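Worksheet for the structure shown next.
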Amino acid sequence: MKLLLRFFGWIFAVGTVVFLVAVAGAAGMFWHFSKDLPDYSTLQAYEPPVMTRVHASNGALLAEYARERRLFLPIQAVPKLVKNAFIAAEDKSFYEHGGLDFQGIARATLFMVQNYGTGKRPQGASTITQQVAKNFLLTPEATFQRKIKEALLALKIERTYSKDKILELYLNEIFLGLNAYGIAAASLLYFDKSVHELTPAEAAYLAALPKGPNNYHPFRRRDEAIARRNYVLDRMMEDGYLKREDGEKAKKEPLAVTPRPTGAHIFAAEYFAEEVRRDLNDRFGEQKLYEGGLSVRTTLDPKLQVIARKALVDGLVRFDETQGYRGAVAKVDIAGDWGPKVADVKALSDVAPWRLAVVLEANDQSARIGLQPGREPSGAVSKERLIGIVPIEGVKWAKPTTGPDRYRAPSKVGQVLSSGDVVYVELVDKDAGKYRLRQVPEISGALVVMDPWTGRVLALAGGFSFDQSQFNRATQALRQPGSSFKPFVYAAALDNGYTPSTIVMDAPIEIDQGPGSGVWKPENYSRKYYGPQTLRFGLEQSRNVMTVRLAQDVGMPLIAEYAKRFGVYDDLPQYLSFALGAGETTVMRMVTAYSMFANGGKRIKPTLIDRIQDRYGRTVFKHDTRECKACEAAKWQNQPEPAMTDRREQVIDPMTAYQVTSLMEGVVQRGTATVMREVGKPIAGKTGTTNDEKDVWFIGFSPSLTVGAYMGYDKPRHITGGASGGHTAAPMVRDFFKAALADTPAVPFRVPAGIKLIRIDAKSGTRLAAGSGGGLLEAFKPGTAPPDSYSIISTTEGGDPNRSFFSVSPDADRAVQRGNGLY
């Protein structure tokens with residue numbers, strides 16, 4: 001008995017020692033790993049990287065920018081279905097334990113012992129709290145030391161934060177594949193819907209992903225993905241989160257994952273979205289752009305954007321097709337299944353409704369084509385093979401650019417297409433399956449649409465295809481505006497003593513440019529001269545020599561100041577050739593400058609962004625800086641309607657702005673842009689054609705929209721085929737206005753107070769007698785009425801050379817400039 005008691009006493013003593021040593025060891029280990037634990041209190045102020053979302057003016061999603069695609073969702077906004085799915089899948093006793101699941105740890109330990117050496121992956125026993133500790137504060141390395149730190153942090157986190165806070169952190173941080181972080185982003189990327197719209201099957205699939213998104217990829221490992229989803233549904237049923245009949249029904253549903261596109265979400269808006277991205281990066285920096293969770297409301301009008309892109313593309317293609325057919329995009333062997341071969345040819349993704357197709361056979365009257373097959377979400381080539389026909393009418397434009405038949409319209413389809421050619425086509429007759437041959441144009445250009453009263457850019461097309469070239473020709477391409485710069489020369493003149501009926505000589509002129517520089521002989525585009533003419537005639541018909549005479553009399557320093565004031569150039573060289581648009585500027589700058597004519601001379605700044613809010617909804621930028629103190633009234637007490645205080649600078653006299661607008665209306669009605677009359681609404685504007693026809697322009701505006709477009713090769717060279725601003729660029733703007741203004745009334749330009757409308761003779765600029773017919777109404781400022789009679793004073797020796805600009809013989813055919821006089 002004594003021996004037994006002594007034995008138990010020895011056992012107790014040993015056990016006590018072992019226990020004390022274990023406690024001491026645990027305490028020591030606890031102290032060792034606790035002394036360098038990360039500061040878990042940072043979780044309280046944690047701001048996860050959140051994607052920036054960009055919206056059009058109507059609220060439609062335009063683009064998203066992020067390194068980690070995440071939308072932060074407060075726990076109060078997370079549906080119970082989603083919370084329950086993740087708890088059932090990851091930590092069923094989440095709301096009961098204190099940070100560690102000891103039963104789970106014992107179960108995982110037993111599994112590891114039983115399967116030691118078999119190569120089976122150990123079971124996980126981490127709670128949601130432990131995963132928060134690992135994801136936020138530790139590295140993902142699978143070591144014993146990291147697991148100890150993870151457990152210690154989990155205990156501390158549980159004592160500091162509520163269960164809902166811990167779950168909120170977890171659901172917004174967890175990686176769920178497809179570059180989606182958090183449930184809100186994953187719901188959009190996998191199913192293109194918000195978390196509130198998820199079905200039980202969809203919620204269960206998302207809850208299955210934290211174990212390993214690649215292991216349960218919806219396309220590459222579809223069977224494993226469905227099995228894991230159904231496992232989560234079983235757990236939800238067992239834990240009482242889902243009724244048995246609902247769960248069994250959900251298990252029978254297919255895994256209908258429809259990946260959401262991650263580029264620009266509005267068709268044809270890629271250039272606009274990229275320009276906004278650059279702006280945000282310049283304002284806030286890269287980190288704020290990709291992680292700051294900004295909410296950006298842009299100025300984009302999706303309807304006008306589609307119209308703008310179509311107008312530009314149609315104009316580029318229309319001209320390019322006159323230059324002939326340059327051949328197929330690629331050549332493939334059509335033996336066997338041609339689908340995968342054509343699918344591998346890179347197609348531009350933003351040229352719909354164009355599609356790539358391969359010519360299967362071609363004869364005299366038609367060609368049979370096979371359309372490029374699409375790809376399944378998994379990346380596999382679709383099994384569908386669509387066939388179409390390109391009739392002879394669809395290739396009539398495709399004149400060869402070389403050889404004996406150069407620029408001769410083909411009479412047979414086989415002259416243009418042959419088997420194996422990969423080409424772009426466009427459907428023209430759906431019922432008959434007929435297509436038209438297309439080709440990507442060599443020439444490029446840009447088109448910008450602006451609200452002239454605010455500077456809001458409503459649409460922007462920076463080229464034919466963003467997929468082909470991300471260079472934005474609307475904002476980045478510096479091109480010569482040619483004659484479209486002339487309105488600023490005329491504005492300077494009208495602001496400084498000239499009237500629309502002032503007579504200027506349209507005759508050849510030679511300008512001595514100084515020692516060693518030779519003589520400059522500017523010419524009119526038509527090489528014709530019409531003698532004494534009004535300023536109106538000079539701008540309407542775009543007379544170069546009249547503009548040069550005007551610029552010399554007004555002075556290039558003043559014109560340079562006007563160019564800077566309107567924002568066309570920052571520092572215009574003071575050479576007379578620059579009065580004809582020899583400097584380089586952008587479409588955006590030109591459209592902004594013309595908008596100041598349209599709005600009565602008020603300075604505006606172009607913007608693609610209306611408002612920017614941070615992740616908390618605070619406004620950090622807004623374009624409209626007008627003040628409205630009366631808008632802050634607590635309630636209405638019969639006070640007057642609030643008025644906005646407009647402190648914008650007046651760039652030019654409103655009357656001058658209207659006079660220039662009236663002159664440019666004449667450009668449309670009688671001048672170089674008569675093609676714009678087809679719009680059928682009041683339009684003012686000016687054409688531009690540079691030397692050697694390297695660039696062609698048209699900038700025009702209605703009372704509500706300003707639109708500018710140019711066309712030219714990226715590497716400037718002569719545009720063949722008699723290109724000019726009126727015949728090549730203006731039709732693009734015409735097409736835009738016809739579509740954009742189709743449902744709007746014809747509103748005339750507003751005449752500012754003080755302007756006198758007087759009927760004059762269009763040729764002489766003199767006032768017409770009351771009751772006489774003909775002539776035109778001209779706008780005059782007070783005190784500048786036109787004369788009643790027309791006379792030209794000839795310069796004589798000893799005359800005042802400063803007046804000689806107005807004193808030119810009507811039959812003079814050459815004027816040589818010496819000093820300030822014309823002789």
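The values are calculated or read from the model by the stated rules, or taken from the named source; none is laboratory data. Quick caveat: nothing in here was measured; it's all calculated off a predicted structure. Note: ideal-geometry Cβ built from the backbone for every residue, glycine included; neighbour counts use all protein chains shown. What goes into the accessible areas is simple: the full protein's heavy atoms, side chains included, and nothing from ligands, DNA or RNA. Shrake-Rupley method; radii C 1.70, N 1.55, O 1.52, S 1.80 Å.
Tally Lys/Arg at +1 and Asp/Glu at -1 over every other residue whose Cβ is under 13 Å from the Cβ of D788; what's the total?
+1
Legend: calculated FRET efficiency, K715 to L386, from the Cβ-Cβ distance at R0 = 51 Å, rounded to 0.05, equals 0.85. Placing dummy labels 7 Å off each Cα toward the beta-carbon, the span from D234 to A753 is 8.4 nm.
Using the Cβ-Cβ distance between N363 and Y616 with R0 set to 56 Å, the FRET efficiency works out to roughly 0.25.
Projected onto planes of every orientation and averaged, the convex hull of the alpha-carbon atoms in segment 523-579 covers 4.1 nm².
Tell me, how many Å apart are the Cα centres for segment 345-401 and for segment 225-284? Taking the Cα centre of segment 225-284 as reference, the centre of segment 345-401 is 33 Å away.
Packing order of peptides 639-648, 282-291, 681-690, highest average first: 681-690, 282-291, 639-648 (average count of other Cβ atoms within 10 Å over each peptide's residues). Each principal axis of the chain carries a Cα extent, and these read 151, 77, 61 Å when sorted largest first. Computed over segment 380-515, the range of Cα coordinates on each principal axis works out to 72, 45, 35 Å, biggest value leading.
Taking Cβ atoms as reference points and 12 Å as the exclusive limit, the residues near E270 contribute a net charge of -2, counting Lys and Arg as +1 and Asp and Glu as -1. Whole Å is fine, so just give me how far the alpha carbon centre of segment 304-324 lies from that of segment 515-537. After rounding, the separation between the Cα centres reads 34 Å. Expressed as a whole percent, the accessible area of segment 462-567 that falls on carbon and sulfur atoms is 46 (1.4 Å probe). Using 0.36 nm per residue and subtracting the Cα-Cα separation, the extra length available between F219 and A769 on full extension is 189.6 nm.
What a 1.4 Å probe finds exposed on segment 600-702 is 46% carbon and sulfur by accessible area, rounded to a whole percent. Each principal axis of the Cα cloud of segment 618-761 was taken in turn, and the coordinate range along them, longest first, works out to 67, 49, 32 Å. log₁₀ I(q)/I(0) of segment 222-366 at q = 0.10, 0.13, 0.15 Å⁻¹, via Debye over equal Cα point scatterers, no solvent, to two decimals? Listed by q, the Debye log ratios stand at -0.77, -0.97, -1.01. Accessible surface area normalised per residue over the chain is 48 Å², counting heavy atoms of protein chains with a 1.4 Å rolling probe. Each label was represented as a point 7 Å from its Cα along the Cα-to-Cβ direction; for S194 and R375 these points are 3.2 nm apart.
With the Cα gyration tensor of segment 694-797 giving a ≥ b ≥ c as the square roots of its eigenvalues, does the rule (a/c under 1.5 for rounded; else a/b larger than b/c for prolate; else oblate) give rounded, prolate or oblate? Oblate, since a/c reaches 1.5 and b/c is not below a/b.
Accessible surface of segment 303-454, 1.4 Å probe: 51 percent of it comes from carbon and sulfur atoms. Would you calculate a helix-derived [θ] at 222 nm for the chain, using -39,500 (n - 2.57) for each DSSP H run of n ≥ 4 and dividing by the full residue count, to the nearest 500? That calculation yields -10000 deg cm²/dmol at 222 nm. Approximating the spin labels as points 7 Å out from Cα along Cα→Cβ, the K331-to-L61 distance works out to 4.5 nm. Taking R0 as 51 Å, what FRET efficiency do you get between T402 and K738 from their Cβ-Cβ distance, rounded to the nearest 0.05? Plugging the Cβ-Cβ distance into 1/(1 + (r/R0)^6) gives 0.85. Considering only alpha-carbon pairs that sit under 8 angstrom and 6 or more positions apart, the relative contact order computed for segment 370-448 is 24 percent. Potential lengthening of the chain between D467 and S418 amounts to 14.9 nm, from the contour at 0.36 nm per residue minus the alpha-carbon distance.
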